[in-house]
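This report concerns only the one structure given below.
Any read-out appearing in this document is the output of simple, stated calculations on the displayed coordinates, not a laboratory observation. Given the structure is predicted, the values throughout are model-derived calculations rather than measurements. Quick reminder, even Gly has a Cβ in these numbers, built from the backbone with ideal geometry, and neighbours come from all protein chains shown.
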Amino acid sequence: MRRTRLRHTTAVVTAVVLAAIGAAAVFRVSAVAPAVTPSQKGARLYVDKGCVQCHFLRKREFRVGPGLEGLFDRETLPASGRPATAENVRSQLVQPYDQMPSFADRLTEVQRDHLIAFLKTL
Amino acid sequence: MIPGLVRIVAYVLLAVGPVVLAALLGLMPRSVVYELGRFCALAGFALLALQFLLAARIRWIERPFGFDILIRFHRHMAILATALIVAHPLLLAAGGAGTDLLLGLDQPWAVWLGKAALVLLLLNVLLSVFQRRVALDFEHWRLLHDILGPLVLVGAAVHAWAWGQDLRLFPLQVTWIIVTAVALGTYVVHRFVRPWWLAGRPYRVSAVRPEADGVWTIEFTPPEGLPPLDYLPGQFHFVTFFRGRELPVEEHHWTISSSPTTDHLASTIKAVGDFTSTIGETRVGDTAAVHGPFGRYSYVLHPEERDLVFVAGGIGITPLMSMLRHMRDTRDERSVRLVYANRTESSIVFRGEIDEMATGEHPRLRVTHVLSRPGDEWTGRRGHVDTSLLREICGNQPESEVFYVCGPTPLRSAVIASLHELGVPDSRIRIEIFSFLD
């Protein structure tokens, strides 16, 4: 009897945990409003293209690369040391300094604009 | 039923709590598959942390289920947590992170730490599932389990803190700190603080009595100032002997064979392993840390049941003996039929006391001894406990009896199969699964 209850409990707990995981994943994806503005599209690219894996958004400390908070409020870009302008960020994406991989083939020209628009909001 | 349900609901809420919190707080999603990977990690970590609470012998958690069932639930949840944590990197890779996450060598330290924790988790689970097959004795397995468990938890916690997207959210950071601290705190209390506290208040061995071939009863008296252990007949306790003389100091669990109606506490122990082979060397005056009682294998939890059948094999008689002694001392009028299987006449434990009890009225006891290797002079039953014997013992209505079965696994399995054959439902079969690793 106790073993039967144990089996049932295990099955129910497993089902609830898996259902919660599935529901949470669907909820999170579906709850996000469609990206409309350039910066919203850039925010989506920031996640989809994996920038998030190496750069903190809300602080300046290094993760793998430098944190990007207030990137355009700084005088210079953290890796290249060049002035913090849209053109230099675009250049960093295509021909990066330091260990950062090139996004020349992974982002279109328009996508780079969107990403820069997003970085300006940080 | 209700107390158990409350605990199960609380467990589920704690297990899925981080998932719900992260989903509600919102974070830029990548894809459904990627998010599944993230949430698998959150739930897997919560389950891992809860493992420490399940195994810590916390009475409030254990009471409605019994420790044997709770420790099996702990095993089931270990499998679930491991499956979720294995799925975590696979889903992240499939959901957008790419195979570099799995195979790339150029990874940040936090990713490597996560991989290391995953490998240790798999090692821990495999050693637990295949402990006997890899010939790992219980003490060494427990030592490894005690090292690997906290290592995995700390590795996973630091990995998530340094690398997890959701851990950038302040509420989840707070949750993570609380969950990790509670799990590790529970572990420290369970493995270090409580054993130290119990060792400072040891019971004293007041009698050592041989009962049968290789079987001894050890009686304990509580330390001065402490009341006797408040247990139910049929429960068990954990005992750590401090005997000196270079005898091993290990914690083992044994059924309490005495009845709570007496002023002493006793366990009857068979010399079957490395540690128990030294049990006969225990002397009066030795001390022992006692932690208990645990378990729900007791007839007093079912006062409405009047007709009982006890089926014991070898040393499996001990919880049933505790119950019979309790019935005798409380002048209980239940009807009990005891089927007691042993190999030889000299291996029958408590034979004199059982036979004497069968002549009394409390309980109304009938005894059938069964020997598998009897001598020529044995006039009783020969062979094993099988369906025909149980049918004969129980008459025409075996399905109306309640069966307490305790003994080695082959006997237990055979008796349960026979009872099913006789139409006895699981709800009327009570068993104690004494080994935590079976």
Practice prompt. Report ³J(HN,Hα) in whole Hz for each residue of region B:321-326, in order, from the Karplus equation J = 6.51 cos²θ - 1.76 cosθ + 1.60 where θ = phi - 60°; Gly and Pro get x.
Written response: 5, 4, 5, 5, 5, 5
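With +1 assigned to the C-beta of every Lys and Arg and -1 to the C-beta of every Asp and Glu, and no other charges, what is the dipole magnitude of chain B about the Cα centre in debye, to the nearest 20? Show your work: numbers first, answer last.
Working: 40 positive and 42 negative charges, 154 e Å.
Taking the Cα centre of chain B as origin, the dipole is about 740 debye.
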Practice prompt. Using only C-alpha positions, report the orientation-averaged shadow area of the convex hull of the protein assembly as shown, nm², one decimal.
Written response: 31.4
Discussion item. With viscosity set to 1.002 mPa s at 20 °C, what whole-number translational diffusion coefficient in µm²/s follows for region B:70-133 from Stokes-Einstein and a Kirkwood radius over Cα pairs?
Written reply: 163
Item to complete: Please give the helix A:109-119 orientation as an angle from the longest Cα principal axis of chain A, in degrees from 0 to 90, rounded to the nearest 10.
Response: 80
Fill in: Extreme residue, positive dipole direction of the protein assembly as shown, given options B:Val182, B:Ala110, B:Leu123 (C-beta unit charges)
B:Ala110
Worksheet item: What FRET efficiency, computed as 1/(1 + (r/R0)^6) with R0 = 30 Å and r the Cβ-Cβ distance, is obtained for B:Val189 and B:Val272, rounded to the nearest 0.05?
Response: 0.45
Worksheet, complete the sentence: Within 10 Å of the Cβ of an average residue in B:18-25, the count of other chain Cβ atoms is 4
Worksheet entry | region B:210-222 - phi-based ³J(HN,Hα) in whole Hz, Karplus 6.51/-1.76/1.60, Gly and Pro as x | x, 10, 6, 4, x, 10, 10, 9, 10, 9, 10, 10, x
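Taking only C-alpha pairs under 8 Å that are 6+ residues apart, what is the relative contact order of chain B in percent? Write out the running numbers ahead of the final one.
Working: 711 pairs, mean separation 52.2, N = 438.
Once normalised by length, the contact order is 12 percent.
If you wrap a convex hull around the C-alpha atoms of chain A and split its volume per residue, what is the figure in Å³? Write out the running numbers ahead of the final one.
Details: hull volume 17.2 nm³, N = 122.
It comes to 141 Å³ per residue, whole-number rounded.
Mind counting lysine pairs for me in the protein assembly as shown? Cα separation below 29 Å, and the two need to be 8 or more apart along the chain or on different chains. Working shown, then result.
Numbers: A:Lys41/A:Lys49; A:Lys41/A:Lys59; A:Lys41/A:Lys120; A:Lys49/A:Lys59; A:Lys49/A:Lys120; A:Lys49/B:Lys115; A:Lys59/A:Lys120; A:Lys59/B:Lys115.
The result is 8.
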Discussion item. Only sites in a loop by DSSP and with at most 13 other Cβ atoms within 10 Å count here; which chymotrypsin sites (Phe, Trp or Tyr not before Pro) in region B:344-438 make the cut?
Written reply: B:Trp378
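Using per-residue counts of other Cβ atoms within 10 Å, averaged over each peptide, order B:43-55, B:264-276, A:55-67 from highest down.
Descending packing order for the listed peptides: B:43-55, B:264-276, A:55-67.
Given all pairs of different Cα atoms, what value in angstroms does the Kirkwood hydrodynamic radius of region B:174-234 take?
Details: mean 1/r = 0.0662 Å⁻¹.
Over region B:174-234, the inverse of the mean reciprocal pair distance is 15.1 Å.
Hull surface divided by four, with the convex hull built on the Cα atoms of chain B: how many nm²?
Reported value for the Cα convex hull: 24.9 nm².
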Worksheet item: With each pseudo-label sitting 7 Å past Cα toward Cβ, what's the B:Val154-B:Trp60 distance in nm, one decimal?
Response: 2.7
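Which whole number gives the average, over all residues in A:45-53, of C-beta atoms from other chains lying within 10 Å of the residue C-beta? Walk me through the numbers before you get to the answer.
Values: counts 0, 1, 8, 6, 2, 6, 0, 5, 9.
Partner-chain Cβ atoms within 10 Å, mean over residues of A:45-53: 4.
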Worksheet, complete the sentence: Mean per-residue count of partner chain Cβ within 10 Å for A:5-17 equals 6
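Considering only DSSP beta bridges whose two residues both sit in chain B, what percent are antiparallel, to the nearest 5?
Working: 27 of 52 bridges.
If I count the DSSP bridges inside chain B, around 50 percent turn out antiparallel.
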Discussion item. Can you classify region B:338-400 as rounded, prolate or oblate using the Cα gyration tensor, where a ≥ b ≥ c are the square roots of its eigenvalues, rounded means a/c under 1.5, and otherwise it's prolate if a/b beats b/c and oblate if not?
Written reply: oblate
Worksheet item: What angle, in degrees between 0 and 90 and rounded to the nearest 10, separates the Cα long axis of helix B:67-92 from the longest principal axis of the Cα atoms of chain B?
Response: 20
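Exactly which GluC sites (Glu not before Pro) in region B:260-338 are in a DSSP loop and have at most 16 other Cβ atoms within 10 Å? Can you show the working numbers first?
Working: sites: B:Glu281, B:Glu304, B:Glu305, B:Glu333; in loops: B:Glu304, B:Glu305, B:Glu333.
Sparse-neighbourhood loop GluC sites (Glu not before Pro): B:Glu304, B:Glu305, B:Glu333.
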